[in-house]
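The structure appears right after this line, and notes come after that.
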Amino acid sequence: MFWTDFESFVNKLRFARFPLCYKTQEKRLNDSATVAMYGRVYASLLQKACSYRLLVFSTVPFQATHHCHLSSWSPSSNHRCCAGEGSGSWFQSGRRYSTRQDLDFQQGQMQINGILRSNEQTVNVPEFDGRALSAVRKFESNQLPANTPNEDRRSAATCLQSKGMLFGVFDGHGGWACAQAVSERLLYYIAVAMMPKQSLAELERCMEHSRPVPPILQWHKHHADFNYRDSASLYINHLRVFWQELLDSEEHDAGLSPHDALDCAFKRLDTDISLEAQVPLSNDLMKSTAIQVAFAGCTACVAHVGIDGIHVANAGDCRAVLGVQSEDGSWSALPLSRDHNSQNQAEVERIKAQHPPSEGNTVVTDDRLLGVLMPLRGFGDVRFKWSHELQQSILTSMESGGDLDSLNLYQYTLPNYLTPPYLDVAPEITYHKLRPQDRFLILGTDGLWDELDSEEAVRLVGEHLSGIHLQAPVSPSERQLKLGQMHELLLKRRARASPALDTNAATHLVRHALGTGDYGELSQERLISMLALPEDLARMYRDDITVKVVYLNYDLARPHHS
(Lines give C-alpha, C1' and ligand atoms only; values in the text may rest on other atoms or scores of the structure.)
Protein backbone atom coordinates (compact mmCIF):
# COMPACT_ATOMS: atom_id res chain seq x y z
CA MET A 1 0.00 0.00 0.00
CA PHE A 2 2.82 2.39 0.84
CA TRP A 3 4.56 1.92 -2.51
CA THR A 4 1.34 2.17 -4.53
CA ASP A 5 0.21 5.36 -2.82
CA PHE A 6 3.62 6.97 -3.04
CA GLU A 7 4.16 6.01 -6.67
CA SER A 8 0.74 7.45 -7.51
CA PHE A 9 1.65 10.63 -5.63
CA VAL A 10 4.89 11.07 -7.58
CA ASN A 11 3.14 10.38 -10.89
CA LYS A 12 0.69 13.19 -10.12
CA LEU A 13 3.64 15.49 -9.55
CA ARG A 14 5.18 14.43 -12.86
CA PHE A 15 2.12 15.45 -14.83
CA ALA A 16 1.32 18.53 -12.73
CA ARG A 17 1.47 22.01 -14.23
CA PHE A 18 5.13 23.01 -14.43
CA PRO A 19 5.50 26.82 -14.35
CA LEU A 20 8.97 28.26 -14.66
CA CYS A 21 10.50 31.06 -12.64
CA TYR A 22 9.41 33.39 -15.39
CA LYS A 23 10.59 36.60 -13.77
CA THR A 24 14.21 35.65 -14.44
CA GLN A 25 16.08 34.41 -17.46
CA GLU A 26 15.42 30.71 -16.82
CA LYS A 27 14.44 28.64 -19.86
CA ARG A 28 12.53 25.40 -20.20
CA LEU A 29 14.46 22.39 -18.93
CA ASN A 30 15.66 19.82 -21.45
CA ASP A 31 14.59 16.19 -21.21
CA SER A 32 17.63 14.96 -19.29
CA ALA A 33 17.37 17.79 -16.77
CA THR A 34 13.69 17.05 -16.31
CA VAL A 35 14.39 13.37 -15.64
CA ALA A 36 17.04 14.33 -13.11
CA MET A 37 14.67 16.79 -11.46
CA TYR A 38 11.98 14.15 -11.04
CA GLY A 39 14.55 11.85 -9.47
CA ARG A 40 15.35 14.54 -6.92
CA VAL A 41 11.66 15.09 -6.20
CA TYR A 42 11.21 11.34 -5.73
CA ALA A 43 14.18 10.98 -3.38
CA SER A 44 13.36 14.09 -1.37
CA LEU A 45 9.69 13.23 -0.96
CA LEU A 46 10.62 9.70 0.07
CA GLN A 47 12.53 11.23 2.98
CA LYS A 48 9.56 13.46 3.83
CA ALA A 49 6.98 10.68 3.56
CA CYS A 50 7.28 9.62 7.20
CA SER A 51 6.18 13.12 8.19
CA TYR A 52 2.94 12.65 6.30
CA ARG A 53 1.70 9.33 7.61
CA LEU A 54 -1.69 10.33 6.30
CA LEU A 55 -0.49 9.33 2.81
CA VAL A 56 1.74 6.46 3.77
CA PHE A 57 -0.11 4.42 6.36
CA SER A 58 -3.67 4.79 5.12
CA THR A 59 -5.51 1.46 4.95
CA VAL A 60 -8.08 2.77 2.47
CA PRO A 61 -7.73 4.81 -0.73
CA PHE A 62 -6.88 8.42 0.04
CA GLN A 63 -9.58 9.65 -2.32
CA ALA A 64 -12.16 8.63 0.26
CA THR A 65 -11.15 11.62 2.40
CA HIS A 66 -11.16 14.32 -0.30
CA HIS A 67 -14.49 15.84 0.61
CA CYS A 68 -14.23 15.38 4.36
CA HIS A 69 -13.24 17.98 6.91
CA LEU A 70 -11.80 17.45 10.34
CA SER A 71 -15.18 17.79 12.04
CA SER A 72 -16.64 14.90 10.06
CA TRP A 73 -14.12 12.47 11.56
CA SER A 74 -15.09 12.97 15.20
CA PRO A 75 -17.20 10.30 16.95
CA SER A 76 -20.91 10.97 16.48
CA SER A 77 -24.14 9.11 15.88
CA ASN A 78 -22.93 8.43 12.33
CA HIS A 79 -19.76 6.68 13.53
CA ARG A 80 -19.93 3.33 15.32
CA CYS A 81 -17.16 2.11 17.58
CA CYS A 82 -16.15 -1.49 16.88
CA ALA A 83 -15.87 -3.38 20.20
CA GLY A 84 -13.22 -5.95 20.82
CA GLU A 85 -10.32 -4.10 19.12
CA GLY A 86 -7.73 -2.64 21.43
CA SER A 87 -6.81 0.23 19.12
CA GLY A 88 -10.44 1.05 18.38
CA SER A 89 -11.88 1.67 14.92
CA TRP A 90 -14.62 3.69 13.28
CA PHE A 91 -17.10 3.07 10.49
CA GLN A 92 -18.31 5.74 8.09
CA SER A 93 -20.34 5.08 4.96
CA GLY A 94 -19.45 1.42 5.09
CA ARG A 95 -15.66 2.01 5.34
CA ARG A 96 -13.47 1.05 8.26
CA TYR A 97 -10.99 3.51 9.74
CA SER A 98 -8.65 2.86 12.64
CA THR A 99 -8.14 5.29 15.49
CA ARG A 100 -4.55 5.62 14.32
CA GLN A 101 -5.71 6.70 10.90
CA ASP A 102 -8.08 9.20 12.48
CA LEU A 103 -5.15 10.66 14.42
CA ASP A 104 -2.95 10.64 11.32
CA PHE A 105 -5.59 12.61 9.43
CA GLN A 106 -5.83 15.14 12.24
CA GLN A 107 -2.05 15.38 12.40
CA GLY A 108 -1.87 16.00 8.66
CA GLN A 109 -4.58 18.65 8.93
CA MET A 110 -2.76 20.36 11.78
CA GLN A 111 0.50 20.38 9.81
CA ILE A 112 -1.22 21.94 6.82
CA ASN A 113 -2.95 24.54 8.99
CA GLY A 114 0.32 25.38 10.72
CA ILE A 115 2.04 26.07 7.40
CA LEU A 116 -0.84 28.01 5.89
CA ARG A 117 -1.48 30.15 8.97
CA SER A 118 2.06 30.94 10.07
CA ASN A 119 2.09 34.33 8.28
CA GLU A 120 -1.55 35.33 8.54
CA GLN A 121 -2.56 38.70 9.97
CA THR A 122 -5.85 40.29 11.04
CA VAL A 123 -6.13 43.99 11.95
CA ASN A 124 -9.35 45.65 13.11
CA VAL A 125 -9.54 49.35 12.31
CA PRO A 126 -11.33 51.83 14.63
CA GLU A 127 -14.40 53.31 12.99
CA PHE A 128 -13.33 56.76 14.15
CA ASP A 129 -9.66 57.56 14.82
CA GLY A 130 -10.15 61.05 16.28
CA ARG A 131 -9.79 62.80 12.93
CA ALA A 132 -12.32 61.23 10.59
CA LEU A 133 -14.40 58.15 9.89
CA SER A 134 -12.48 55.22 8.45
CA ALA A 135 -13.38 53.75 5.08
CA VAL A 136 -11.84 50.45 6.23
CA ARG A 137 -13.44 48.13 8.79
CA LYS A 138 -10.55 45.67 9.01
CA PHE A 139 -8.07 43.88 6.80
CA GLU A 140 -6.66 40.37 6.65
CA SER A 141 -3.41 39.28 5.07
CA ASN A 142 -1.28 36.22 4.47
CA GLN A 143 1.85 35.03 2.67
CA LEU A 144 3.02 31.61 1.53
CA PRO A 145 6.58 31.48 0.15
CA ALA A 146 7.81 29.27 -2.65
CA ASN A 147 11.23 30.88 -2.96
CA THR A 148 13.73 30.64 -0.12
CA PRO A 149 13.74 33.32 1.13
CA ASN A 150 10.35 34.68 0.15
CA GLU A 151 10.60 37.36 -2.56
CA ASP A 152 7.15 38.86 -1.89
CA ARG A 153 6.55 41.70 0.55
CA ARG A 154 3.45 43.47 1.93
CA SER A 155 2.74 46.80 3.65
CA ALA A 156 -0.17 48.48 5.38
CA ALA A 157 -0.32 51.81 7.19
CA THR A 158 -2.66 54.59 8.30
CA CYS A 159 -1.76 58.10 7.13
CA LEU A 160 -1.40 60.29 10.24
CA GLN A 161 -0.73 63.64 8.56
CA SER A 162 -3.40 63.20 5.89
CA LYS A 163 -6.49 61.03 5.44
CA GLY A 164 -6.89 57.44 4.40
CA MET A 165 -5.06 54.12 4.62
CA LEU A 166 -2.42 52.63 2.32
CA PHE A 167 -2.09 48.96 1.38
CA GLY A 168 0.57 47.43 -0.86
CA VAL A 169 1.78 44.10 -2.21
CA PHE A 170 5.19 43.78 -3.82
CA ASP A 171 6.49 40.90 -5.93
CA GLY A 172 10.27 40.71 -6.12
CA HIS A 173 12.41 39.02 -8.75
CA GLY A 174 16.14 38.50 -8.99
CA GLY A 175 16.02 38.23 -5.20
CA TRP A 176 14.05 39.93 -2.45
CA ALA A 177 16.19 43.06 -2.02
CA CYS A 178 14.16 45.44 -4.19
CA ALA A 179 10.78 44.30 -2.86
CA GLN A 180 12.07 44.74 0.69
CA ALA A 181 13.26 48.31 0.09
CA VAL A 182 10.12 49.36 -1.78
CA SER A 183 7.83 47.89 0.89
CA GLU A 184 9.62 49.95 3.54
CA ARG A 185 9.82 53.23 1.62
CA LEU A 186 7.03 53.68 -0.92
CA LEU A 187 4.22 54.33 1.56
CA TYR A 188 6.30 57.10 3.18
CA TYR A 189 6.80 58.80 -0.19
CA ILE A 190 3.05 58.63 -0.91
CA ALA A 191 2.10 59.97 2.52
CA VAL A 192 4.62 62.83 2.34
CA ALA A 193 3.39 63.81 -1.12
CA MET A 194 -0.18 64.14 0.23
CA MET A 195 0.85 66.25 3.25
CA PRO A 196 0.09 69.99 3.16
CA LYS A 197 3.01 72.41 3.07
CA GLN A 198 2.40 73.45 6.69
CA SER A 199 2.96 69.87 7.90
CA LEU A 200 6.03 69.43 5.72
CA ALA A 201 7.49 72.64 7.18
CA GLU A 202 7.03 71.22 10.68
CA LEU A 203 8.90 68.06 9.67
CA GLU A 204 11.76 70.15 8.35
CA ARG A 205 11.95 72.34 11.50
CA CYS A 206 12.14 69.24 13.68
CA MET A 207 14.95 67.80 11.58
CA GLU A 208 16.87 71.10 11.62
CA HIS A 209 16.67 71.40 15.41
CA SER A 210 17.13 67.69 16.15
CA ARG A 211 13.69 67.42 17.70
CA PRO A 212 11.42 64.35 17.46
CA VAL A 213 9.74 64.29 14.08
CA PRO A 214 5.93 63.94 14.10
CA PRO A 215 4.96 60.42 12.94
CA ILE A 216 3.90 60.21 9.32
CA LEU A 217 2.46 56.68 9.27
CA GLN A 218 1.02 54.23 11.72
CA TRP A 219 2.34 50.92 10.44
CA HIS A 220 0.39 47.68 10.71
CA LYS A 221 3.17 45.10 10.55
CA HIS A 222 3.27 41.34 10.95
CA HIS A 223 5.79 40.12 13.52
CA ALA A 224 7.81 38.46 10.75
CA ASP A 225 8.29 41.72 8.81
CA PHE A 226 11.75 43.29 9.03
CA ASN A 227 13.59 46.41 7.89
CA TYR A 228 16.94 47.33 6.38
CA ARG A 229 18.31 48.82 9.61
CA ASP A 230 21.73 49.61 8.16
CA SER A 231 20.17 51.67 5.37
CA ALA A 232 17.64 53.56 7.51
CA SER A 233 19.67 56.76 7.66
CA LEU A 234 20.09 56.79 3.87
CA TYR A 235 16.37 56.26 3.36
CA ILE A 236 15.46 59.07 5.78
CA ASN A 237 17.89 61.50 4.15
CA HIS A 238 16.46 60.90 0.68
CA LEU A 239 12.90 61.17 1.96
CA ARG A 240 13.89 64.50 3.50
CA VAL A 241 15.27 65.73 0.18
CA PHE A 242 11.92 64.77 -1.37
CA TRP A 243 9.85 66.80 1.08
CA GLN A 244 12.29 69.74 0.81
CA GLU A 245 11.62 69.84 -2.93
CA LEU A 246 7.88 69.73 -2.26
CA LEU A 247 8.28 72.66 0.15
CA ASP A 248 10.04 74.64 -2.56
CA SER A 249 7.19 74.00 -4.99
CA GLU A 250 4.73 76.89 -5.26
CA GLU A 251 1.92 74.49 -6.20
CA HIS A 252 2.08 72.26 -3.13
CA ASP A 253 0.14 74.29 -0.56
CA ALA A 254 -2.60 71.75 0.20
CA GLY A 255 -0.61 68.66 -0.74
CA LEU A 256 -1.04 66.45 -3.78
CA SER A 257 -4.22 64.53 -4.48
CA PRO A 258 -4.01 60.75 -3.90
CA HIS A 259 -3.81 60.24 -7.68
CA ASP A 260 -0.90 62.64 -8.14
CA ALA A 261 0.80 61.51 -4.92
CA LEU A 262 0.82 57.87 -6.06
CA ASP A 263 2.21 58.77 -9.47
CA CYS A 264 4.87 61.07 -8.04
CA ALA A 265 5.93 58.66 -5.28
CA PHE A 266 6.39 55.66 -7.58
CA LYS A 267 8.59 57.61 -9.98
CA ARG A 268 10.58 59.45 -7.29
CA LEU A 269 11.39 56.32 -5.29
CA ASP A 270 12.58 54.48 -8.39
CA THR A 271 14.82 57.44 -9.23
CA ASP A 272 16.25 57.41 -5.70
CA ILE A 273 16.90 53.65 -5.90
CA SER A 274 18.83 54.22 -9.13
CA LEU A 275 20.86 57.14 -7.73
CA GLU A 276 21.75 55.36 -4.49
CA ALA A 277 23.47 52.61 -6.48
CA GLN A 278 25.61 55.19 -8.30
CA VAL A 279 26.84 57.51 -5.54
CA PRO A 280 29.54 56.84 -2.91
CA LEU A 281 28.08 55.61 0.39
CA SER A 282 29.46 55.54 3.92
CA ASN A 283 30.27 51.82 4.12
CA ASP A 284 30.57 48.71 1.95
CA LEU A 285 27.48 47.06 3.41
CA MET A 286 25.27 50.02 2.55
CA LYS A 287 26.80 50.21 -0.93
CA SER A 288 26.25 46.49 -1.50
CA THR A 289 22.63 46.76 -0.37
CA ALA A 290 21.95 49.73 -2.65
CA ILE A 291 23.36 47.90 -5.68
CA GLN A 292 21.44 44.71 -4.95
CA VAL A 293 18.21 46.72 -4.58
CA ALA A 294 18.80 48.49 -7.90
CA PHE A 295 19.79 45.42 -9.92
CA ALA A 296 17.02 43.27 -8.49
CA GLY A 297 13.45 44.33 -9.23
CA CYS A 298 9.88 44.21 -8.04
CA THR A 299 6.36 44.92 -9.15
CA ALA A 300 3.98 46.88 -6.94
CA CYS A 301 0.27 47.39 -6.45
CA VAL A 302 -0.75 50.01 -3.87
CA ALA A 303 -4.23 51.15 -2.86
CA HIS A 304 -5.13 54.36 -1.05
CA VAL A 305 -8.51 53.87 0.60
CA GLY A 306 -10.28 57.05 1.73
CA ILE A 307 -13.85 58.00 2.53
CA ASP A 308 -14.25 59.37 -0.99
CA GLY A 309 -13.11 56.23 -2.75
CA ILE A 310 -10.22 54.00 -3.71
CA HIS A 311 -7.15 54.91 -5.76
CA VAL A 312 -5.06 52.00 -7.04
CA ALA A 313 -1.58 52.43 -8.51
CA ASN A 314 -0.16 49.39 -10.29
CA ALA A 315 3.19 48.74 -11.95
CA GLY A 316 3.63 45.13 -13.02
CA ASP A 317 1.56 42.00 -12.69
CA CYS A 318 0.15 42.24 -9.17
CA ARG A 319 -3.59 42.84 -9.16
CA ALA A 320 -6.36 44.69 -7.31
CA VAL A 321 -9.95 43.42 -7.51
CA LEU A 322 -13.08 44.83 -5.87
CA GLY A 323 -15.69 42.47 -4.45
CA VAL A 324 -19.21 43.70 -5.27
CA GLN A 325 -22.42 42.20 -3.88
CA SER A 326 -25.66 42.54 -5.85
CA GLU A 327 -29.10 42.90 -4.30
CA ASP A 328 -29.78 39.18 -4.85
CA GLY A 329 -26.67 38.33 -2.79
CA SER A 330 -24.52 37.21 -5.73
CA TRP A 331 -20.90 38.34 -6.06
CA SER A 332 -19.00 39.89 -8.95
CA ALA A 333 -15.43 41.09 -9.45
CA LEU A 334 -14.61 44.63 -10.56
CA PRO A 335 -10.94 44.91 -11.65
CA LEU A 336 -9.17 48.03 -10.39
CA SER A 337 -5.88 47.29 -12.15
CA ARG A 338 -4.57 45.74 -15.35
CA ASP A 339 -1.68 43.29 -15.52
CA HIS A 340 1.38 44.70 -17.24
CA ASN A 341 2.63 41.66 -19.11
CA SER A 342 2.58 40.28 -22.63
CA GLN A 343 -1.08 39.26 -22.30
CA ASN A 344 -1.91 42.99 -22.20
CA GLN A 345 -1.59 43.90 -25.88
CA ALA A 346 -1.95 47.63 -25.22
CA GLU A 347 1.02 47.43 -22.87
CA VAL A 348 3.12 45.59 -25.46
CA GLU A 349 2.30 48.23 -28.06
CA ARG A 350 3.16 51.01 -25.60
CA ILE A 351 6.64 49.60 -25.09
CA LYS A 352 7.23 48.94 -28.79
CA ALA A 353 6.29 52.53 -29.59
CA GLN A 354 9.20 53.73 -27.43
CA HIS A 355 11.80 52.00 -29.63
CA PRO A 356 12.74 52.01 -33.32
CA PRO A 357 10.61 49.90 -35.70
CA SER A 358 13.68 47.74 -36.34
CA GLU A 359 13.30 46.38 -32.78
CA GLY A 360 9.64 45.48 -33.20
CA ASN A 361 10.36 41.75 -33.11
CA THR A 362 12.89 41.79 -30.27
CA VAL A 363 11.51 44.14 -27.59
CA VAL A 364 9.02 41.50 -26.41
CA THR A 365 9.87 37.89 -27.30
CA ASP A 366 8.78 34.60 -25.73
CA ASP A 367 6.22 36.64 -23.76
CA ARG A 368 9.04 38.46 -21.95
CA LEU A 369 10.72 41.82 -22.15
CA LEU A 370 13.83 41.19 -24.29
CA GLY A 371 13.04 37.52 -23.85
CA VAL A 372 13.91 37.69 -20.13
CA LEU A 373 11.50 39.62 -17.90
CA MET A 374 7.80 38.80 -17.61
CA PRO A 375 6.41 42.00 -15.99
CA LEU A 376 6.62 45.02 -18.27
CA ARG A 377 6.76 47.67 -15.54
CA GLY A 378 8.57 47.66 -12.23
CA PHE A 379 10.97 49.14 -9.68
CA GLY A 380 14.71 48.55 -9.89
CA ASP A 381 15.83 46.25 -12.71
CA VAL A 382 18.43 48.79 -13.82
CA ARG A 383 19.76 46.18 -16.27
CA PHE A 384 16.74 47.20 -18.37
CA LYS A 385 17.17 50.95 -17.72
CA TRP A 386 20.85 51.89 -17.59
CA SER A 387 23.32 52.02 -20.46
CA HIS A 388 25.87 49.19 -20.81
CA GLU A 389 28.62 51.58 -19.81
CA LEU A 390 26.95 52.67 -16.57
CA GLN A 391 26.14 49.09 -15.58
CA GLN A 392 29.71 47.95 -16.14
CA SER A 393 31.11 50.92 -14.24
CA ILE A 394 28.99 50.21 -11.16
CA LEU A 395 29.66 46.48 -11.17
CA THR A 396 33.39 47.06 -11.57
CA SER A 397 33.37 49.36 -8.55
CA MET A 398 31.72 46.59 -6.57
CA GLU A 399 34.43 44.09 -7.53
CA SER A 400 37.02 46.26 -5.84
CA GLY A 401 34.92 46.08 -2.68
CA GLY A 402 35.20 42.31 -2.61
CA ASP A 403 31.48 41.45 -2.71
CA LEU A 404 31.72 39.18 -5.75
CA ASP A 405 28.91 36.81 -4.77
CA SER A 406 26.23 39.44 -5.26
CA LEU A 407 27.49 40.14 -8.79
CA ASN A 408 26.98 36.66 -10.21
CA LEU A 409 23.29 37.28 -10.86
CA TYR A 410 23.86 40.54 -12.69
CA GLN A 411 26.91 40.01 -14.89
CA TYR A 412 25.34 38.91 -18.13
CA THR A 413 24.42 40.80 -21.27
CA LEU A 414 20.76 41.14 -22.22
CA PRO A 415 20.00 40.18 -25.83
CA ASN A 416 19.14 42.97 -28.28
CA TYR A 417 19.89 45.68 -25.71
CA LEU A 418 20.13 48.56 -28.18
CA THR A 419 18.06 51.58 -27.08
CA PRO A 420 17.56 51.61 -23.29
CA PRO A 421 15.59 52.19 -21.19
CA TYR A 422 13.20 49.30 -21.90
CA LEU A 423 11.45 49.36 -18.53
CA ASP A 424 9.83 52.07 -16.40
CA VAL A 425 7.87 52.21 -13.17
CA ALA A 426 5.18 54.74 -14.16
CA PRO A 427 2.07 53.35 -12.44
CA GLU A 428 -1.30 52.94 -14.06
CA ILE A 429 -3.75 54.60 -11.67
CA THR A 430 -7.48 53.96 -11.36
CA TYR A 431 -10.09 55.60 -9.15
CA HIS A 432 -13.30 54.07 -7.87
CA LYS A 433 -15.91 55.96 -5.86
CA LEU A 434 -17.12 53.90 -2.93
CA ARG A 435 -20.67 52.52 -3.34
CA PRO A 436 -23.02 50.69 -0.95
CA GLN A 437 -22.52 47.40 -2.82
CA ASP A 438 -18.70 47.52 -2.59
CA ARG A 439 -17.75 45.09 0.17
CA PHE A 440 -14.02 44.36 0.00
CA LEU A 441 -10.80 44.86 -1.96
CA ILE A 442 -8.39 42.02 -2.77
CA LEU A 443 -4.73 42.84 -3.43
CA GLY A 444 -2.58 39.92 -4.54
CA THR A 445 0.75 39.12 -6.12
CA ASP A 446 0.65 37.09 -9.31
CA GLY A 447 1.27 33.86 -7.38
CA LEU A 448 -2.39 34.04 -6.36
CA TRP A 449 -3.70 34.94 -9.81
CA ASP A 450 -1.75 32.09 -11.40
CA GLU A 451 -4.06 29.75 -9.47
CA LEU A 452 -7.36 31.68 -9.23
CA ASP A 453 -9.10 34.08 -11.56
CA SER A 454 -10.57 37.31 -10.22
CA GLU A 455 -14.19 36.12 -10.22
CA GLU A 456 -13.35 32.96 -8.32
CA ALA A 457 -11.31 34.87 -5.72
CA VAL A 458 -14.17 37.32 -5.13
CA ARG A 459 -16.70 34.50 -4.85
CA LEU A 460 -14.54 32.67 -2.31
CA VAL A 461 -14.11 35.76 -0.12
CA GLY A 462 -17.72 36.86 -0.56
CA GLU A 463 -19.15 33.50 0.48
CA HIS A 464 -16.61 33.33 3.31
CA LEU A 465 -17.80 36.75 4.48
CA SER A 466 -21.52 36.12 4.23
CA GLY A 467 -21.51 32.43 5.08
CA ILE A 468 -24.02 31.92 2.26
CA HIS A 469 -23.15 29.73 -0.72
CA LEU A 470 -25.54 30.61 -3.51
CA GLN A 471 -26.28 27.82 -5.96
CA ALA A 472 -27.73 28.71 -9.33
CA PRO A 473 -30.86 26.75 -10.29
CA VAL A 474 -30.28 23.71 -12.48
CA SER A 475 -30.68 24.95 -16.03
CA PRO A 476 -32.78 23.15 -18.68
CA SER A 477 -29.60 22.05 -20.46
CA GLU A 478 -28.21 20.61 -17.23
CA ARG A 479 -31.40 18.60 -16.77
CA GLN A 480 -30.53 16.77 -20.00
CA LEU A 481 -27.13 15.62 -18.72
CA LYS A 482 -26.26 11.96 -18.62
CA LEU A 483 -25.92 10.25 -15.27
CA GLY A 484 -22.11 10.57 -15.14
CA GLN A 485 -22.24 14.26 -16.10
CA MET A 486 -24.94 14.93 -13.51
CA HIS A 487 -22.76 13.25 -10.89
CA GLU A 488 -19.89 15.62 -11.76
CA LEU A 489 -22.26 18.59 -11.54
CA LEU A 490 -23.43 17.49 -8.10
CA LEU A 491 -19.84 17.10 -6.92
CA LYS A 492 -19.06 20.64 -8.03
CA ARG A 493 -22.16 22.05 -6.33
CA ARG A 494 -21.38 20.17 -3.13
CA ALA A 495 -17.79 21.50 -3.17
CA ARG A 496 -19.09 25.07 -3.25
CA ALA A 497 -21.15 24.47 -0.13
CA SER A 498 -18.24 23.08 1.92
CA PRO A 499 -17.72 24.97 5.19
CA ALA A 500 -14.66 27.23 5.47
CA LEU A 501 -11.72 25.95 7.50
CA ASP A 502 -10.16 29.37 8.13
CA THR A 503 -11.46 32.50 9.84
CA ASN A 504 -8.93 34.59 7.91
CA ALA A 505 -10.15 35.22 4.34
CA ALA A 506 -6.60 35.63 2.97
CA THR A 507 -5.70 32.18 4.31
CA HIS A 508 -8.97 30.88 2.83
CA LEU A 509 -7.84 32.14 -0.58
CA VAL A 510 -4.35 30.62 -0.30
CA ARG A 511 -5.80 27.26 0.75
CA HIS A 512 -8.15 27.19 -2.24
CA ALA A 513 -5.48 28.44 -4.63
CA LEU A 514 -3.27 25.45 -3.87
CA GLY A 515 -5.73 22.79 -2.78
CA THR A 516 -8.68 22.95 -5.17
CA GLY A 517 -9.38 19.63 -6.88
CA ASP A 518 -11.01 18.75 -10.17
CA TYR A 519 -14.53 19.53 -8.96
CA GLY A 520 -13.72 22.61 -6.91
CA GLU A 521 -13.39 20.58 -3.72
CA LEU A 522 -10.56 21.04 -1.24
CA SER A 523 -8.13 18.17 -1.70
CA GLN A 524 -5.98 17.27 1.28
CA GLU A 525 -3.73 15.22 -0.99
CA ARG A 526 -3.12 18.12 -3.35
CA LEU A 527 -2.35 20.49 -0.47
CA ILE A 528 0.16 18.07 1.02
CA SER A 529 1.82 17.51 -2.34
CA MET A 530 2.22 21.26 -2.89
CA LEU A 531 3.44 22.02 0.63
CA ALA A 532 5.80 19.02 0.89
CA LEU A 533 7.91 20.02 -2.12
CA PRO A 534 11.60 20.63 -1.27
CA GLU A 535 12.66 24.26 -0.99
CA ASP A 536 14.78 24.16 -4.15
CA LEU A 537 11.93 22.70 -6.22
CA ALA A 538 8.81 24.43 -4.86
CA ARG A 539 9.34 27.44 -7.15
CA MET A 540 9.04 25.19 -10.20
CA TYR A 541 5.46 24.32 -9.29
CA ARG A 542 4.14 27.53 -7.76
CA ASP A 543 5.08 31.12 -6.98
CA ASP A 544 5.26 33.10 -3.75
CA ILE A 545 1.72 34.13 -2.79
CA THR A 546 0.81 37.32 -0.94
CA VAL A 547 -2.82 38.36 -0.33
CA LYS A 548 -4.54 41.27 1.38
CA VAL A 549 -8.31 41.43 1.84
CA VAL A 550 -9.52 44.91 2.86
CA TYR A 551 -13.09 45.08 4.19
CA LEU A 552 -14.73 48.37 3.29
CA ASN A 553 -17.01 50.54 5.40
CA TYR A 554 -19.64 50.60 2.69
CA ASP A 555 -22.15 52.27 5.04
CA LEU A 556 -20.31 55.53 4.35
CA ALA A 557 -21.63 55.37 0.80
CA ARG A 558 -25.26 54.90 1.82
CA PRO A 559 -27.57 57.93 1.66
CA HIS A 560 -28.58 58.87 5.20
CA HIS A 561 -32.05 60.27 5.81
CA SER A 562 -33.37 61.72 9.04
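The values are calculated or read from the model by the stated rules, or taken from the named source; none is laboratory data. These figures come from a predicted structure and were not determined experimentally. Here Cβ is always computed from backbone atoms with ideal geometry, including for glycine, and neighbour counts include all displayed protein chains. These accessible areas exclude ligands, DNA and RNA; they are computed on the full protein's heavy atoms, side chains included. Shrake-Rupley method; radii C 1.70, N 1.55, O 1.52, S 1.80 Å.
Figures for the structure shown
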{"read-out": "Reach of K138 by Cα under 15 Å, taken over aspartates and glutamates that are not fewer than 8 positions away in the same chain", "value": "E120, E127, D129, D438, D555"}
{"read-out": "Simple label model, 7 Å out from Cα along Cβ direction - E127 to Q345, nm", "value": "4.9 nm"}
{"read-out": "Using θ = phi - 60° and Karplus 6.51 cos²θ - 1.76 cosθ + 1.60, couplings along region 220-227 (whole Hz; Gly, Pro as x)", "value": "10, 9, 7, 5, 7, 5, 9, 10"}
{"read-out": "Dipole-positive endmost among V549, A315, Q292 within region 115-557 (Cβ charges, Cα centre)", "value": "V549"}
{"read-out": "Accessible-area composition of region 115-557, carbon plus sulfur, in percent [1.4 Å probe]", "value": "52 percent"}
{"read-out": "Per-pair calculated FRET efficiency, R0 = 41 Å: L556 and S393 via Cβ, rounded to 0.05", "value": "0.15"}
{"read-out": "Ranking by accessible area, most exposed first, for R350, R558 with a 1.4 Å probe", "value": "R558, R350"}
{"read-out": "Leading residue at positive end of dipole, region 115-557 (Cβ point charges), from A277, I528, H173", "value": "I528"}
{"read-out": "Sequence of K433, K548 when ordered by accessible area, the most exposed leading, probe 1.4 angstrom", "value": "K433, K548"}
{"read-out": "Total charge dipole magnitude, region 94-245, about the Cα centre, Cβ charges on Lys, Arg, Asp, Glu only, Debye to nearest 20", "value": "320 debye"}
{"read-out": "Point-charge dipole on Cβ atoms (K/R +1, D/E -1) for region 115-557, about Cα centre, debye to 20", "value": "980 debye"}
{"read-out": "Average accessible surface area per residue within region 115-557, 1.4 Å rolling probe, Å²", "value": "41 Å²"}
{"read-out": "Dipole magnitude of region 220-305 about its Cα centre (Cβ charges: Lys, Arg +1; Asp, Glu -1), debye to nearest 20", "value": "460 debye"}
{"read-out": "Members of K385/K548; K163/K197; K352/K548; K163/K221; K352/K385; K267/K385 lying beyond 22 Å, as alpha-carbon distances in this model show", "value": "K385/K548; K352/K548"}
{"read-out": "Accessible heavy-atom area order of T299, T365, T122, highest first, probe of 1.4 Å", "value": "T122, T365, T299"}
